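*Asks:* I am attaching a structure below and will ask some questions about it afterwards.
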Amino acid sequence: MSEESLVSKNLDKTYDPKRVEQTWSADHWNAFGLYHAHSENVLNHKKEPYTILMPPPNVTGSLTIGHVLNHTIQDIFIRYNRMMQKEALWLPGTDHAGIATQTVVEKKLRKQKLSRYDLGREKFLDEVWSWREQYGSLILQQLQRLGISCDWRRNLFTMDESASEAVINVFVKLYRDGLIYKGKRIINWCPVSHTALSDEEVIMKTQVDPLTYVRYALADQPEKYITIATVRPETILADVAIAVNPNDDRYKALIGKEAIVPIANRRVPIIADDYVEIEFGTGALKITPAHDPNDYAVAQRHNLPIISVIGQSGEMTDEFGYKGMDRFDARNKITDDLQAMNAIEKIEDYEHNVGYSERAGVVVEPFLSEQWFVKMKTLAEPALKAVEDGKIKFHPARWINTYRHWMGNIQDWCISRQLWWGHRIPAWYDKDGNIFVAHNEAEARELACTDELTQDNDVLDTWFSSWLWPMTTLRWKGDGDCNDDFKAFYPTSTLVTGPDIIFFWVARMIMAGLYFKGDVPFRDVYFTSIIRDMKGRKLSKSLGNSPDPLAVMDQYGTDALRFTVIYLAPLGQDVLFGAEKCEQGRNFATKIWNAARFLFMNRNEVFADDEEFGNMYVDFSPEISALGLVDRWMLTKLNQMLDSYHKAHKQFRVNDITKQLYEFIWSDFCDWYLELMKVSLQNCAEETEKKQQILRAVQVFETALKALHPVMPFITEEIWQTIVQRQKEESISCAAIPYSDPNGIDENALETIEFLKKIITECRSVRSVLGVPPSTISKVRINAFSEEKAALIQENAIYIERLARSEVEVGVGMEKPKASAGAVVEGNEIYILLEGLIDLDKEKARLEKEIQKVGGYVKQLEGKLGNEKFIANAPKEVVEGEREKLKAARLNLEKLTGNLESLK
RNA sequence: GGGUGAUUAGCUCAGUUGGUUAGAGCGCUACCUUGACAUGGUAGAGGUCACUAGUUCGAAUCUAGUAUCACCCACCA
């Protein structure tokens, strides 16, 4: 054995995930540019492209199990396709996360008793940039520990120059195309962040609030009144009308009259509008256009004035004595005051939905203001069509419904934010308030024919840059030019993301891709599972039920975490996750490690040195027909596994992939193949035969490792590197995973080994049930069903003898020994001779149980085959199959019964 | 109010086009430190596939309905 053999150095030790991860870290491979993609290879038609966009992680957050799942899936896709010899490109990046980042920095300032206004725009932005410098890449570093294989050279930040340029160009184009406009609207206002929000940034929560019935006296008959119901009594001060349904007989007489708003003592008209539901509440509705979008619409129709009583921080701004109070305090106070003046009829509990700001978690205030909007109808239509026509496929497909529904009811998108951190809106105003949208101030000046311009103070919604992500990551700048990367890698292949951002992001990227480049941004969208805790609750910081992935990686290993998360995540279902589940992944890794140790231990025994092995290994490619039975069986199993494996990949059934590999490696390879091999190795007289067996085993193992590599990159790399000496820059991550080879399938061998396995299992079972100690070697006599079977069993008796700890005697027409336990496998009777060891009652009980089981099965089959309709209607193969089954079962039953009889 | 999904072993979940004696992991029971592995091996116990009807020769699988749970969407104050 050569001194520097990696095998003896590494596989001698027990499995240590940390050491393995450090050896094959991202840093190691980055040095060789292993994950760099090259557009030339695609443009020269050398390789097919495969591109994935990383959904930019939130820079203000830290790594969660959700990230682990999402990025492991992406890494599996990209590694698989890289190994299938495509030009694989995974584009990483981060976005500036407008509100989230600004909030974090403002919070930090507040600790120093400063606000952003104290600093001013420029200094504040400096603060944010330096915060980002310090913390912005933290999450990417954490992701790197997962072993993800991105092309880090192409890392992009949404505020990088090229991306910013694209944002501005896109804004100007949409404005000039008439798809962006500025308008006065009721928008969702966050009283904490002091900014407008899009509809998607508002979370609706169901809650119970008091519904207050308030009396409004009629102006001409103060003793009479009209009662309205409201959950927001504080907005009474801003009432400008009472509305009733024109067809409501109760109120017809009042239409056109006036009522008096309590406290405000304002006379307001009673108007008729279809919008009012007769059935609901009292059928009369107060109209508060400044604080409710529906009321605003009513006010527009009826030319009503607009009165505002709530300010930007949610404080009252009225002239009736509540000024400066918080809106909720004012609500209570006004309720009390109304009560005192006997203006309240009753108060009921009322369950309704209230909008909360996604980031700040406070109740959103409907707020009348001037904002910028994108007209969505034009953009939505082709985007909907692309998905319905299958140009973009959703996995699972049911998300199309959700997508369709949203696209069909789409509202204009409010894109202006009253923040500082973000892309500033490229609009300038002259003294008279005329708007000039331009790529830069110089252009605006030209358009305006004046130098006295002020730029819009607002910035754009973060998603206004995110929706360009498929293009900006390829350094598209929003103009007509396309660079080589763009030509080679757009459209991208697969988007992996959570279904929670289907509207925020997925839908909008599709719109942008189609509108600006005339092509879809990606072909497939894989919606990941949502991770929950073991009780089914969402993971959240406040519940403290979110395991820290870094701690899990420390405890169980990264491969274990990756494997487990994928193993648990079927397509489109929620996943209940607890860190302890990673035991399964860790055990699997350990199993693989030990299998490798076993192989290399034998290798080192049989081969002179690494070199001899390496030379033989490279040239070793025997035909299946030249192999022994066990190897033919193994090869067949391997090819069957590869077949399902590639199919699972095609269908995006990621957890199927892990299940295939797990079963193959653990059950087929370790439990049976290696055990069988131990026997045949020991039985081999010739050295060359031994060598070939080991070469064969290593080859199968290597293929399995390659197939497993996308899921467990570290351990597979480590073992692969030790199989034969590799070059420094060589990696399993670029090795080719073979397709299933139809010539590598031998049904006969499959059948034979499965038959032998059954005999072995049956022997073990009998021994175990009868309490035969493992140390005892039992004598087994097999009365074979045919000469052919007898020969087969005789030929492979050695396996039965070793694996079932038995001595085998086989023939046709063998008699049942008196003191023996009996079992039947496919008509072959197995007698285990245990003179003096048999407990007659135990054996009887065992046989009776067995007979009952088989008897039930026979009955079931007889019933089926006795049904004429079944014979007439079922396909011939099925009927034939059932007949075979019955025949075999009857034979078994008969022989078992015979056995039982002989005991009596 | 509309939509989507779930319901299979004690627990967590697989089960692809209807034809299996319904599977896995964990847990449980018994035995085993046998030369890769006790983070292991062997054997075993454990299920009316939520319920009800229907389609079919045949249903965990298809259809309809019911129940429970979860999520998403929606401007009845």
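*Asks:* Take residue A:354 and tell me if it is part of a strand (DSSP E or B) and surrounded by 13 or more Cβ atoms within 10 Å (Cβ to Cβ).
*Replies:* yes
*Asks:* I want to confirm something. Restricting to region A:237-250 and keeping residues that are near RNA strand B (Cβ under 10 Å from one of its atoms) and touching a Phe, Trp or Tyr at 6+ places or on another chain (Cβ under 9 Å), which single residue is farthest from residue A:342 (Cα to Cα)?
*Replies:* Among those that are near RNA strand B (Cβ under 10 Å from one of its atoms) and touching a Phe, Trp or Tyr at 6+ places or on another chain (Cβ under 9 Å), it is A:245.
*Asks:* What pairs come up if the first residue lies in region A:454-465 and is closer than 19 Å to residue A:56 by Cα, the second is of a type in the set (Lys, Arg) and surrounded by fewer than 21 Cβ atoms within 10 Å (Cβ to Cβ), and their beta carbons are under 9 Å apart, counting only those six or more places apart or on different chains?
*Replies:* Listed by first residue and then by second, the contacts come to A:460/A:424.
*Asks:* Okay, next question. Evaluate the following for residue A:523: is it within 18 Å of the chain's Cα centre (by Cα), among the basic types (Lys, Arg) and surrounded by 23 or more Cβ atoms within 10 Å (Cβ to Cβ)?
*Replies:* On the way: within 18 Å of the chain's Cα centre (by Cα): yes; among the basic types (Lys, Arg): yes; surrounded by 23 or more Cβ atoms within 10 Å (Cβ to Cβ): no.
No, not satisfied.
*Asks:* Suppose we filter A:531, A:510 for residues that are crowded, with 20+ Cβ neighbours inside 10 Å and at pLDDT below 95; which single one remains?
*Replies:* A:531
*Asks:* Would you say residue A:597 is within 30 Å of residue A:678 (Cβ to Cβ) and in contact (Cβ under 8 Å) with a residue 60 or more places away in the chain? Steps first, answer last, please.
*Replies:* Working: within 30 Å of residue A:678 (Cβ to Cβ): yes; in contact (Cβ under 8 Å) with a residue 60 or more places away in the chain: yes.
Yes; evaluated as a whole, the condition is true for this residue.
*Asks:* For region A:183-221, name all the residues that are modelled with pLDDT under 85 and out of contact with any strand residue (DSSP E or B) (no Cβ under 8 Å at 6 or more places or on another chain).
*Replies:* Matches in region A:183-221: A:200 only.
*Asks:* Conditions first: (1) among the hydrophobic types (A, V, I, L, M, F, W, C); (2) within 24 Å of residue A:185 (Cβ to Cβ); (3) modelled with pLDDT of 90 or more; (4) not in a helix (DSSP H, G or I). Residue A:394 passes all but one, so which condition is the exception?
*Replies:* Residue A:394 satisfies all of (1) among the hydrophobic types (A, V, I, L, M, F, W, C); (2) within 24 Å of residue A:185 (Cβ to Cβ); (3) modelled with pLDDT of 90 or more; (4) not in a helix (DSSP H, G or I) except (2).
*Asks:* Could you list, ordered by first residue, the pairs with Cβ atoms under 7 Å in which the first is in region A:781-802 and within 22 Å of residue A:888 (Cα to Cα) and the second is of a type in the set (Ser, Thr, Tyr) and part of a helix (DSSP H, G or I), at least 6 apart or interchain?
*Replies:* Partner pairs satisfying both residue conditions: A:792/A:752.
*Asks:* Would you say residue A:334 is within 18 Å of residue A:265 (Cβ to Cβ), crowded, with 23+ Cβ neighbours inside 10 Å, among the β-branched types (Val, Ile, Thr) and more than 45 Å from the chain's Cα centre (by Cα)?
*Replies:* Taking the combined requirement at face value, the residue satisfies it.
*Asks:* Can you name the residue in region A:593-612 that is more than 13 Å from RNA strand B (Cβ to nearest atom) and crowded, with 21+ Cβ neighbours inside 10 Å and, of all such residues, is nearest to the chain's Cα centre (by Cα)?
*Replies:* Filtering first and then ranking leaves A:610.
*Asks:* Something else now. Is it the case that some residue within region A:482-497 is of a type in the set (D, E, K, R) and either within 13 Å of RNA strand B (Cβ to nearest atom) or part of a strand (DSSP E or B) (or both)?
*Replies:* no
*Asks:* Could you grab me the full set of residues in region A:252-286 that are part of a strand (DSSP E or B), of a type in the set (A, V, I, L, M, F, W, C) and near RNA strand B (Cβ under 10 Å from one of its atoms)?
*Replies:* A:284, A:285
*Asks:* What is the residue count in region A:116-144 for residues that are more than 30 Å from residue A:75 (Cβ to Cβ) and loosely packed, with under 14 Cβ neighbours inside 10 Å? Walk me through how you get there before you give the answer.
*Replies:* Let us first name the residues in region A:116-144 that are more than 30 Å from residue A:75 (Cβ to Cβ), namely A:116-130.
Remaining after also requiring loosely packed, with under 14 Cβ neighbours inside 10 Å: A:117-118, A:120-123, A:126, A:130.
Selection size over region A:116-144: 8.
*Asks:* Please state which one of A:551, A:560 is at pLDDT 90 or above and away from RNA strand B (no atom under 11 Å from the Cβ).
*Replies:* The conditions single out A:551.
*Asks:* Of the residues A:108, A:113, only one is of a type in the set (Lys, Arg), surrounded by fewer than 20 Cβ atoms within 10 Å (Cβ to Cβ) and either in a helix (DSSP H, G or I) or in contact with a helix residue (DSSP H, G or I) (Cβ under 9 Å, 6 or more places away or on another chain) (or both); which?
*Replies:* Unique residue meeting the criteria: A:108.
*Asks:* Turning to a different aspect of this structure: Could you tell me how many of the residues in region A:188-237 are outside any strand (DSSP E or B) and within 30 Å of residue A:117 (Cα to Cα)? It would help to see each step written out before you state the result.
*Replies:* Of all residues in region A:188-237, those outside any strand (DSSP E or B) come to A:191-194, A:198-201, A:219-224, A:231-237.
Next, from what is left, pick out any that are within 30 Å of residue A:117 (Cα to Cα): A:191-194, A:198-201, A:234-235.
Residues in region A:188-237 being outside any strand (DSSP E or B) and within 30 Å of residue A:117 (Cα to Cα): 10 in total.
*Asks:* Taking the conditions exactly as written (assigned to a helix (DSSP H, G or I) and closer than 21 Å to residue A:761 by Cα), does residue A:854 satisfy them or not?
*Replies:* Yes; evaluated as a whole, the condition is true for this residue.
*Asks:* Separate question: Conditions: (1) within 8 Å of RNA strand B (Cβ to nearest atom); (2) surrounded by fewer than 16 Cβ atoms within 10 Å (Cβ to Cβ). Residue A:503 meets all but one. Number of the miss?
*Replies:* (2)
*Asks:* Tell me, please, whether a residue that is more than 20 Å from residue A:893 (Cβ to Cβ), of a type outside the set (D, E, K, R) and more than 10 Å from RNA strand B (Cβ to nearest atom) can be found in region A:844-867.
*Replies:* Within region A:844-867, not a single residue is more than 20 Å from residue A:893 (Cβ to Cβ), of a type outside the set (D, E, K, R) and more than 10 Å from RNA strand B (Cβ to nearest atom).
*Asks:* I'd like the full set of residues that are within 16 Å of residue A:181 (Cα to Cα) and more than 9 Å from RNA strand B (Cβ to nearest atom), limited to region A:405-420. Break it down into steps so the answer makes sense when it comes.
*Replies:* Quick first cut of region A:405-420, residues within 16 Å of residue A:181 (Cα to Cα) only: A:411-417.
A:412, A:413, A:414, A:415, A:416, A:417, listed by residue number.
*Asks:* Of all the residues that make up region A:671-683, how many are near RNA strand B (Cβ under 8 Å from one of its atoms) and in contact (Cβ under 8 Å) with a residue 24 or more places away in the chain?
*Replies:* Result for region A:671-683: 4.
*Asks:* When residue A:668 is evaluated against the numbered criteria (1) within 16 Å of RNA strand B (Cβ to nearest atom); (2) over 23 Å from residue A:752 (Cα atoms), which criterion, by number, is the only one it fails?
*Replies:* Every listed condition holds for residue A:668 apart from (2).
*Asks:* Taking region A:30-63, which residues are polar (S, T, N, Q) and either closer than 13 Å to residue A:87 by Cα or assigned to a strand (DSSP E or B) (or both)?
*Replies:* Listed by number, the residues that qualify are A:39, A:41, A:44, A:51.
*Asks:* Hey, any hits in region A:652-660 for a residue that's touching a helix residue (DSSP H, G or I) at 6+ places or on another chain (Cβ under 6 Å), more than 11 Å from RNA strand B (Cβ to nearest atom) and either among the small types (Gly, Ala, Ser) or closer than 24 Å to residue A:694 by Cα (or both)?
*Replies:* No: region A:652-660 contains no residue that is touching a helix residue (DSSP H, G or I) at 6+ places or on another chain (Cβ under 6 Å), more than 11 Å from RNA strand B (Cβ to nearest atom) and either among the small types (Gly, Ala, Ser) or closer than 24 Å to residue A:694 by Cα (or both).
*Asks:* Same structure, new question: Could you check how many residues of region A:450-485 are among the acidic types (Asp, Glu) and closer than 12 Å to residue A:505 by Cβ?
*Replies:* The total comes to 1.
*Asks:* Of the residues in region A:792-822, how many are small (Gly, Ala, Ser) and more than 18 Å from residue A:677 (Cα to Cα)?
*Replies:* The total comes to 6.
*Asks:* (1) assigned to a helix (DSSP H, G or I); (2) among the polar types (S, T, N, Q); (3) at pLDDT 90 or above; (4) in contact with a helix residue (DSSP H, G or I) (Cβ under 9 Å, 6 or more places away or on another chain): which one isn't true of residue A:667, the others all being true?
*Replies:* (4)
*Asks:* State whether the residues of region A:831-838 include one that is within 13 Å of RNA strand B (Cβ to nearest atom) and either without any contact (Cβ under 8 Å) to a residue 40 or more places away in the chain or within 28 Å of residue A:791 (Cβ to Cβ) (or both).
*Replies:* No, region A:831-838 contains no residue that is within 13 Å of RNA strand B (Cβ to nearest atom) and either without any contact (Cβ under 8 Å) to a residue 40 or more places away in the chain or within 28 Å of residue A:791 (Cβ to Cβ) (or both).
*Asks:* Against the definition (modelled with pLDDT under 90 and polar (S, T, N, Q)), how does residue A:378 come out, yes or no?
*Replies:* No, not satisfied.
The values are calculated or read from the model by the stated rules, or taken from the named source; none is laboratory data. Only a predicted model underlies this, so the values are computations on that prediction, with no experimental measurement involved. Cβ atoms come from the backbone with ideal geometry, glycine included; neighbour counts cover every protein chain shown.
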